Amino acid sequence: MASPASSASTLGADVYVTRATSGGTLAVSPALADLLIEARNNYAWRGLTGDSQKKIRDLTRDAARTMEMPAPVAIQQLIARIAKWGGGRQDARIARWDADDRARAVAATIGLRRMQDISTWLLELAALPGIGLVIATKVFRFVAPDIGAAGDRHSTYFTNSLSVRCGDGSVELASCFRREWATGAHAASRWAVYGAREAETLEYVERYLPLLKKITASLNAGGRQYTCAARGISVDWTPADVEMAMFFWWAKHGPR
């Protein structure tokens, strides 16, 4: 089977971000803002919009409480819940963690919450039984909800396909995550995190997270709020919200 394309032309020509200078702020195009708002407003896991977003809010609240006094067993249980929410099927492996695994998980989650060397702590967490880099980013998303954001085959495909129009007239793509074919019955193109995790972790930390942060700032500066289905009110964005919108839009409209 041929290697999957790393990007796709699914996004319209009017969906892009602009950047005046290298490393500078970003501005989202009106079409991108509209796309993200609609996707975030309608985000649903398994078709249950309000219930789906309530589960996320509940898990975010419980993660905050757990991180106030991060006891080893409580961290293990929190990570198992996040892994299950994220579609992982490794509950039994996480449940069998020994004292050393739990201690490593505590150190990693504290490091991520304090924003200390994110790459190192993500890799440390990913190396634990039943985790991997995708679930590690989801843990980061909940233990540091104002900064962290999940990495997923849908959201990384979105950013790989998102055009950045630069001030010098050049155009580049927002990220360059590698992709590979999933094994088993479902031959979908997935984020290639299993053979070169360090390179993909750096891409996540150095390009993906700053991109989401800058898109968040652009949306909030423009007053482009979204409506939280769990509360029925308009609220500002976080990077995790931007990731959710990208994930949901690509899951519905993008190639697999």
> Going by the conditions given, is residue 237 touching a His at 6+ places or on another chain (Cβ under 6 Å) and either surrounded by 13 or more Cβ atoms within 10 Å (Cβ to Cβ) or β-branched (Val, Ile, Thr) (or both)?
Replying inline: no
>> Filter region 69-83 down to the residues that are hydrophobic (A, V, I, L, M, F, W, C) and not in a helix (DSSP H, G or I) and list them by number.
In response: 69, 71
> Which members of region 222-234 meet the condition of being over 17 Å from residue 212 (Cα atoms), surrounded by fewer than 18 Cβ atoms within 10 Å (Cβ to Cβ) and out of contact with any strand residue (DSSP E or B) (no Cβ under 9 Å at 6 or more places or on another chain)?
Replying inline: 230, 231, 232
> For region 107-117, which residues satisfy the criterion of being farther than 13 Å from residue 82 by Cα, open to solvent by less than 20 Å² (accessible area, probe 1.4 Å) and not small (Gly, Ala, Ser)?
Replying inline: 112
> Quick one: what pairs do we get from region 58-71, first residue in contact (Cβ under 8 Å) with a residue 24 or more places away in the chain, second basic (Lys, Arg) and in a helix (DSSP H, G or I), C-beta under 8 Å, 6+ apart or different chains?
Replying inline: 59/81; 67/113
>> Looking only at region 147-180, filter to residues that are farther than 19 Å from residue 118 by Cβ and among the hydroxyl-bearing types (Ser, Thr, Tyr); which one of those is surrounded by the most Cβ atoms within 10 Å (Cβ to Cβ)?
In response: 157
> From the set of residues in region 34-58 that are farther than 24 Å from residue 144 by Cα and at pLDDT 85 or above, which is least open to solvent (accessible area, probe 1.4 Å)?
Replying inline: 35
> Mind checking which residues of region 1-24 are modelled with pLDDT of 85 or more, of a type in the set (A, V, I, L, M) and assigned to a loop (DSSP other than H, G, I, E, B)?
Replying inline: 5, 8, 11, 13, 15, 20
>> Residues that are farther than 21 Å from residue 6 by Cα and in contact with an Asp or Glu (Cβ under 9 Å, 6 or more places away or on another chain): list the helices (runs of 4 or more DSSP H) wholly contained in region 160-256 that include at least 1 such residues.
In response: 209-221, 239-253
> Is it the case that residue 198 is over 16 Å from residue 30 (Cα atoms), in contact (Cβ under 8 Å) with a residue 24 or more places away in the chain and in contact with a Leu (Cβ under 9 Å, 6 or more places away or on another chain)?
Replying inline: yes
> Looking at 142, 158, which is the one that is over 25 Å from residue 65 (Cβ atoms) and aromatic (Phe, Trp, Tyr)?
Replying inline: 158
>> Anything in region 84-101 that is open to solvent by 80 Å² or more (accessible area, probe 1.4 Å) and in a helix (DSSP H, G or I)? List them, or say none.
In response: 84, 93, 100
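The values are calculated or read from the model by the stated rules, or taken from the named source; none is laboratory data. Worth saying up front: this structure is predicted, and the values here are computed from it rather than measured. Here Cβ is always computed from backbone atoms with ideal geometry, including for glycine, and neighbour counts include all displayed protein chains. Note: areas computed on protein heavy atoms with side chains; ligands, DNA, RNA excluded. Shrake-Rupley method; radii C 1.70, N 1.55, O 1.52, S 1.80 Å.
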